[in-house]
Amino acid sequence: MSLSTLTPGPAIPDLSDGSSRRHGRGFWAIALAFLTAMAFCTVPAPLYPLYMARDGFSTFMGTIVFAVYAVGVVISLLLAGHVSDWVGRKKILIPALALELVAAALFLGDPSLPVLLVARLVSGLGIGMITATATAYLQELHAAHRPGSSRQRFEMVSTAANIGGLGVGALVAGVLAQYVDAPLRTPYLVFAVLLAVSIVAVALTPETVEEWLVKPTYRPQRISADHGDRAGYLAAAAAGFASFAVFGLFTSVAPGFVAGALHLPSRALAGTIVFAVFGGAAVAQTLTSRLPAPGKVRLGLLAQAVGVPVLLVGMHTANLAAFLVGGVIAGIGAGVLFKAAVGAVAAMAAPAQRGEALAGLFLIAYVGMILPSVGIGVATQSVTAGTAMNWFTGLLLVMLAGVAALFRRSATSARSAN
């Protein structure tokens, strides 16, 4: 048995002009599919107040609905986030997008609370398969299209599709729910069409991974820092956890706070606020594309450390402007820090383990999204939302200090190795 039947890796690309153009078109097709899927997963965010008013469930139940989605992501990352390394990117990405279509059908069929929970779980299962797979796919398509070129385009597009998509979904859903009929159905119908188009686009994109002739023994995702730079991977994982803790806060808590404490029930406004946070993150990722990795880390940590306390002031004073400004600053910090984490992991991992390494990063990040949002929801059963946010802010500041320490340790280890 030859070594090639046991060792995975990216397919050797045909470097002819025609193949290069196909990989270039495929790069943008996967980016749009990635953005569409991530946008779909935040469609319910501005609609939560409508569900809560119709079904009478509490803010706590709203955070549970959100957490069910994140649990689905974690389960999927554990079970399938790494499998594309040895079966191919398309064989994971197409079924994952199909799961998002199933979720859209569930939302359209019967948006009652039990079905809402199932639909969010199914959506999470699909996203868990998409995040690491699409990120690795984009890097390989970029390398095949532009051999030897800078990785900046890949880093910018992949993180913008991921984080920017989260904002686009909330904005589109909020505007549709505000200005068209059937606000709990129309947004899902629009995205069902977009997801179907995305499946076709992925099917037409060149594959970048040679399928293993002899499949390895299946095992769930291995959470390991052994990807070339243990200290660097731990720092990146901690950064992902902290970044997604901020993102989770907005997608689960912010729309309800705006409709309740601020007495502003506009779905378009709720979607716009979520979009402003994630859009700010995506724009910051683009503007910092040439900033060295240590600069990204410092900027991300500082912006989160400033933004979340400002947001807290806005909550305590019921001041929309302070709440929004703090959220945007915190979102910028989270976006830049997460971009640095994705870039670091994609660079350090061997090609045969790139999907696994990224899946581990996203897994830890989504745990960061679950714990704070559910914790705040549980806390609001006993204390006010303001008090719960005080706790969250304090814990986040401690966490950011820990991330800074881990990155310093990683830099010190790298200097010692050289």
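So which helices of the chain fit the span-like rule, where a helix is a whole DSSP H run, its Cα atoms reach 27 Å or more along the axis, and its mean Kyte-Doolittle is at least 1.6? Span-like helices, by this rule, are 59-80, 90-109, 320-348. Counting only DSSP H runs of at least 4 residues, each contributing -39500 (n - 2.57), and dividing by the residue count of the chain, the helix-based mean residue ellipticity at 222 nm comes to -26000 deg cm²/dmol. Pro183 sits among other residues whose Cβ lies under 14 Å from its own Cβ, and their net charge, with Lys and Arg +1 and Asp and Glu -1, is +2. For the chain, the share of accessible area belonging to carbon and sulfur comes to 70 percent (1.4 Å probe, ligands and nucleic acids excluded). Neighbours of Ala239, meaning other residues whose beta-carbon lies under 11 angstrom from its beta-carbon, give a summed charge of +2 when Lys and Arg score +1 and Asp and Glu score -1. On full extension, the segment bounded by Ala182 and Ala196 gains 2.9 nm, given 0.36 nm per residue less the C-alpha separation. Extent along the principal axes, Cα only, for the chain: 65, 52, 37 Å, with the longest axis given first. Using only the Cα atoms, work out Rg/Rh for the stretch 329-369, with Rh taken as the Kirkwood radius, to two decimals. Rg/Rh: 1.03. Springs between Cα atoms under 10 Å define the GNM used for the chain, and in it the highest mean-square fluctuation of Ser20, Ser76, Ser198 occurs at Ser20. At q = 0.26 Å⁻¹, what is the base-10 log of I(q)/I(0) for the stretch 32-86 according to the Debye formula with one equal point scatterer per Cα and no solvent? Please give it to two decimals. Here the Debye-derived log intensity ratios amount to -1.05. Looking at the chain, the accessible area is 38 square angstrom per residue; that uses a 1.4 Å probe and ignores ligands, DNA and RNA. Pick from Asp85, Asp110, Asp181: which residue has the top mean-square fluctuation in a GNM of the chain where Cα pairs under 10 Å get a spring? For the chain, modelled as a Gaussian network with Cα springs under 10 Å, the answer is Asp181. Length available on full extension from Ala347 to Ala293: 0.36 nm per residue minus the Cα-Cα distance, which gives 18.3 nm. Which part of the stretch 271-297 falls in the paramagnetic zone of Leu320, meaning amide N under 17 Å from the point 7 Å along Cα-to-beta-carbon? Backbone N within reach: 271-277.
Pairs of Lys residues in the chain are counted when their Cα atoms are under 27 angstrom apart and they lie 8 or more places apart or on different chains; the count is 5.
Among Thr36, Thr393, Thr251, the largest mean-square fluctuation in a Gaussian network model of the chain, built with springs joining Cα atoms closer than 10 Å, belongs to Thr393. Remark on Val209: its backbone amide H falls under 5 Å from those of Ala11, Arg89, a criterion applied only to residues 5 or more positions apart or on other chains, H modelled at 1.01 Å from N.
Modelled spin labels at Ala401 and Ala261, positioned 7 Å past Cα toward Cβ, are 2.4 nm from each other. The Cβ shell under 15 Å around Thr42 holds other residues with a net charge of +1, Lys and Arg each +1, Asp and Glu each -1. For the pair Glu210 and Phe60, label points projected 7 Å from Cα toward Cβ lie 5.6 nm apart.
The values are calculated or read from the model by the stated rules, or taken from the named source; none is laboratory data. Computed from a predicted model, the values in this text were never measured in an experiment. Here Cβ is always computed from backbone atoms with ideal geometry, including for glycine, and neighbour counts include all displayed protein chains. Calculation scope for accessible area: heavy atoms of the full protein, side chains included, ligands and nucleic acids excluded. Shrake-Rupley method; radii C 1.70, N 1.55, O 1.52, S 1.80 Å.
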